1. Give the percent of DSSP beta bridges with both residues in region 119-238 that are antiparallel, rounded to the nearest 5.
2. Pairs of lysine in region 87-238 with Cα under 23 Å and at least 8 positions apart or on different chains: total?
3. Place a point 7 Å from Cα of Glu62 in the direction of its Cβ. Which residues in region 123-148 have their backbone N less than 14 Å from it?
4. Counting alpha carbon pairs within less than 8 Å and at least 6 residues apart, what relative contact order, in whole percent, applies to the chain?
5. Considering only protein heavy atoms and a 1.4 Å probe, what is the carbon-and-sulfur percentage of the accessible area of region 111-228?
6. Calculate the spin-label point distance for Asp79 paired with Lys207, positioning each point 7 Å from the Cα along the beta-carbon direction, and give it in nanometres.
7. Can you find, among Ile233, Ala159, Leu132, the residue sitting farthest towards the positive end of the charge dipole of the chain, where Lys and Arg contribute +1 and Asp and Glu -1 at Cβ?
8. Using a ≥ b ≥ c from the Cα gyration tensor of the chain (square roots of the eigenvalues), is it rounded, prolate or oblate, where a/c under 1.5 gives rounded and otherwise the larger of a/b and b/c decides, a/b for prolate?
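The values are calculated or read from the model by the stated rules, or taken from the named source; none is laboratory data. The structure presented is a predicted model; accordingly, all values stated were derived computationally and were not measured. For neighbour counting, all protein chains shown are included, and Cβ atoms are generated from backbone atoms with ideal geometry for every residue, glycine included. Quick note on the areas: whole protein, heavy atoms, side chains included, nothing else; ligands and nucleic acids left out. Shrake-Rupley method; radii C 1.70, N 1.55, O 1.52, S 1.80 Å.
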Amino acid sequence: MRMRKPVFALLAVVLLVIAAGCENPEANVRTEKTLTINDVTVHYSGDVSLSQAKALIDFVGETFQITGETDVYLSRSGDAYTVEVTTPYTSPDQIDDATKFYVEMMASKMSQDVFGGAKSILKLVTDERNELFSAESRYSYVNSGTIYVWYADAGEDKAKAVLDYAVSLVGEGPWDIILEGSNPYDVKAVSSFESRDEIGDAENAYKQMASDLSQKLGGDVVIHVLNPEGKEIAVFSS
């Protein structure tokens, strides 16, 4: 089951920042630039290209269900990028586990889609830019439609093998699978089940999945069944 998209009624904040060096006001002046497309405005510095700002707008529009004007702040430090998305939340306690899990995965998608795989940090902030929740990119991904395989350490060839298997198994998504490690391979399958008791007859399917993937990956496989909040509720081994 694909992770659900949280709905943000985002607030607009208009901000223009000009920072100048104290010793020589005419040197090292950095002006924050803005780019607005539809309801999304990205504020970014000279260290970020216009094409990246536009790609980030596309990403935010596709990732979050925008219901109002949205301000996004993009900065770069070395080869790492930080993106802050303003939200109507005022406290971290207002962000549920499903949203946190979603943002954790979207940090990795943002890295690949917008910044060419560079380290990326995705933050939810208040309209005053106080941090509420932060996630750092961790995975690369391959996909077929709405079936996504997120992978780390295992390599793209192994991820594609898992993707091909998932497509043959269910045809189409939404479905998210996380692949980690190497012999044993940890395969984390996101489900709609909230607890172990709900799995029922699907237990045999997960056991078969472990066996089939063991052959395709050439090593031991451990299937971790996750609920929509990303919490493990069951484990099956090949």
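1. Among the beta bridges of region 119-238, antiparallel pairing accounts for roughly 60 percent.
2. Pairs that pass both the separation and distance tests number 26.
3. The answer is 141-148, whose backbone nitrogens lie closer than 14 Å to the label point.
4. 16 percent.
5. Percent of accessible area from carbon and sulfur atoms in region 111-228: 39.
6. It works out to 4.6 nm between the two label points.
7. Checked the options; the winner is Ala159.
8. It is prolate, given that a/c is not under 1.5 and a/b is the larger ratio.
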